[in-house]
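The values are calculated or read from the model by the stated rules, or taken from the named source; none is laboratory data. Note that the structure is predicted; figures quoted are calculated from it, not measured. Backbone-built Cβ (ideal geometry, glycine too); neighbour counts: all protein chains shown.
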Amino acid sequence: MAMQATPRPLHVLVTGAGGFVGRALVHRLLRAHAGGTRPLARLTTLDLTAGPDAAASPLDAVAGSIADPAVVQRAFAEPVDLVFHLASVPGGTAEQQYALGRDVNLHGTLHLLEACAAQAARGGPLPRFVFASTVGVFGAPLPPVVDDDTRPHPGMTYGTHKLMAEAAVADFTRRGGCDGLSLRLAGVLARPPAPTGQRSAFLSELLRAPAEGRDVVCPMSPEATTWASSTPNAVDNLLHAAHVPAAALPRSRALTLPALRFSMAELLDALVQRHGSAVRARVRFMPEPDIETLFGQQPPLHTPAASAAGFCDDGDLATLLQRATEPAHLEGHAP
């Protein structure tokens, strides 16, 4: 029987590697490399600071902003095979600080795409470019069902810049500058408690506080419905995007990823099932209309294109809660 060839070691670049999804992705890549399942020639991380894993082999940390073309050029000092582009200025901050959001979310993405195209033009490898977009491109109010035919109509600057970046990914792919795809992620749980400017951070606190014996206020009504996935599930889908065939992707090169839809009442029931009946008394509902408009009126989500391409959600709410709160060393599966 013929032996299966070992995959060629790759140079992988992760932007936004200091974020909670970025850290989980880097952890999984390093763990897979150590186990011999996904050999890496080099893993370059790019964020404002080098991060705690900067000394890990074969990791090379580049500190700086993607808004600075010189920083991006340092990250491409050696030919890059695969880019996971997670860096962004999140929703609330991008709305309040337009220039910062523009420079990072839009211009920074263009700097990365231009570096990919320049590398390919020099005869280097054509990078697979995996861009973390957002369901925020759909805006609010949403139609009765969101599916692959729903037209984006962002209602915030963050979603607008993400949609513009999606178009750039598709255009650079068409021009032969990269092999790109954009993944529209729903809310990812559980976000660390540090402030990030994400107005949806209360969902992570809803998971964390009852388990720690603390009271928590939910700024949405029990009937409010939202979409979410666990951090390990988001990492699973990012890693799958690294090798999904181009023939499985739409012409737009943008996919809305599967996510679980649940009400706040269903979330509370799942928390009670996981942590005990005392949890119910710790959660108080005090709806805020603007928060509920943004995150609590999300209709059924149908994503047949992403499902056909091999992307998936957590399966059920109990699994989402387990995966969202488990220690990092147990997260996910080896890619």
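Answer yes or no as to whether Ala140 is surrounded by 15 or more Cβ atoms within 10 Å (Cβ to Cβ), at pLDDT 95 or above and over 14 Å from Ser182 (Cα atoms).
Values: surrounded by 15 or more Cβ atoms within 10 Å (Cβ to Cβ): yes; at pLDDT 95 or above: no; over 14 Å from Ser182 (Cα atoms): yes.
It is false that Ala140 is surrounded by 15 or more Cβ atoms within 10 Å (Cβ to Cβ), at pLDDT 95 or above and over 14 Å from Ser182 (Cα atoms).
So, Thr173, is that one in contact (Cβ under 8 Å) with a residue 24 or more places away in the chain, among the hydroxyl-bearing types (Ser, Thr, Tyr) and either closer than 20 Å to Phe20 by Cβ or out of contact with any Asp or Glu (no Cβ under 7 Å at 6 or more places or on another chain) (or both) or not?
Details: in contact (Cβ under 8 Å) with a residue 24 or more places away in the chain: yes; among the hydroxyl-bearing types (Ser, Thr, Tyr): yes; either closer than 20 Å to Phe20 by Cβ or out of contact with any Asp or Glu (no Cβ under 7 Å at 6 or more places or on another chain) (or both): no.
So Thr173 fails the test.
In this structure, is Asp236 under 27 Å from His27 (Cα atoms), in contact with a Ser or Thr (Cβ under 7 Å, 6 or more places away or on another chain), crowded, with 18+ Cβ neighbours inside 10 Å and at pLDDT 95 or above?
no
If a residue has to be hydroxyl-bearing (Ser, Thr, Tyr) and either farther than 26 Å from Ser88 by Cα or assigned to a loop (DSSP other than H, G, I, E, B) (or both) to count, how many in the range 38-49 make the cut?
1
Within the bounds of the range 124-134, is there any residue that is more than 24 Å from Asp81 (Cβ to Cβ), buried (at least 17 other Cβ atoms within 10 Å of the Cβ) and out of contact with any Ser or Thr (no Cβ under 8 Å at 6 or more places or on another chain)?
Yes: the range 124-134 contains one or more residues that are more than 24 Å from Asp81 (Cβ to Cβ), buried (at least 17 other Cβ atoms within 10 Å of the Cβ) and out of contact with any Ser or Thr (no Cβ under 8 Å at 6 or more places or on another chain).
Thr160: surrounded by 23 or more Cβ atoms within 10 Å (Cβ to Cβ) and either closer than 19 Å to Val104 by Cβ or in contact with a helix residue (DSSP H, G or I) (Cβ under 7 Å, 6 or more places away or on another chain) (or both), yes or no?
no
All but one of (1) crowded, with 16+ Cβ neighbours inside 10 Å; (2) of a type outside the set (Lys, Arg); (3) touching a residue at least 60 places away in the same chain (Cβ under 8 Å); (4) under 23 Å from Glu166 (Cβ atoms) hold for Pro258; which doesn't?
All conditions are met except number (3).
Go over the candidates Asp103, Asp147 one by one and state the one that is surrounded by fewer than 15 Cβ atoms within 10 Å (Cβ to Cβ) and among the acidic types (Asp, Glu).
Criteria check complete, one pass: Asp147.
Each row is one residue, and each column tells you yes or no for (1) part of a loop (DSSP other than H, G, I, E, B); (2) polar (S, T, N, Q); (3) at pLDDT 90 or above; (4) under 16 Å from Leu112 (Cα atoms).
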| residue | (1), (2), (3), (4) |
| --- | --- |
| Ala24 | no, no, yes, no |
| His33 | no, no, no, no |
| Gly36 | yes, no, no, no |
| Ser57 | yes, yes, no, no |
| Ser65 | yes, yes, yes, yes |
| Arg74 | no, no, yes, yes |
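(1) over 22 Å from Leu301 (Cβ atoms); (2) in contact with a helix residue (DSSP H, G or I) (Cβ under 8 Å, 6 or more places away or on another chain): which one isn't true of Met220, the others all being true?
(1)
Looking at the range 299-335, which of the residues that are assigned to a loop (DSSP other than H, G, I, E, B) and at pLDDT below 95 is surrounded by the most Cβ atoms within 10 Å (Cβ to Cβ)?
Going through the qualifying residues, I end up with Gly332.
This table checks each residue for (1) crowded, with 23+ Cβ neighbours inside 10 Å; (2) more than 28 Å from Cys116 (Cα to Cα).
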{"position": "Arg175", "(1), (2)": "no, no"}
{"position": "Val217", "(1), (2)": "no, yes"}
{"position": "Ser229", "(1), (2)": "yes, yes"}
{"position": "His240", "(1), (2)": "no, no"}
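Among the residues in the range 186-202, are any crowded, with 16+ Cβ neighbours inside 10 Å, out of contact with any strand residue (DSSP E or B) (no Cβ under 8 Å at 6 or more places or on another chain), not in a loop (DSSP other than H, G, I, E, B) and not charged (D, E, K, R)?
yes
Among the helices (runs of 4 or more DSSP H) lying completely within the range 77-180, list those that include at least 1 residues that are aromatic (Phe, Trp, Tyr). Write out each step before concluding.
On the way: elements: 91-96, 98-101, 109-121, 157-174.
Once the helices (runs of 4 or more DSSP H) in the range 77-180 are filtered for at least 1 residues that are aromatic (Phe, Trp, Tyr), what remains is 98-101, 157-174.
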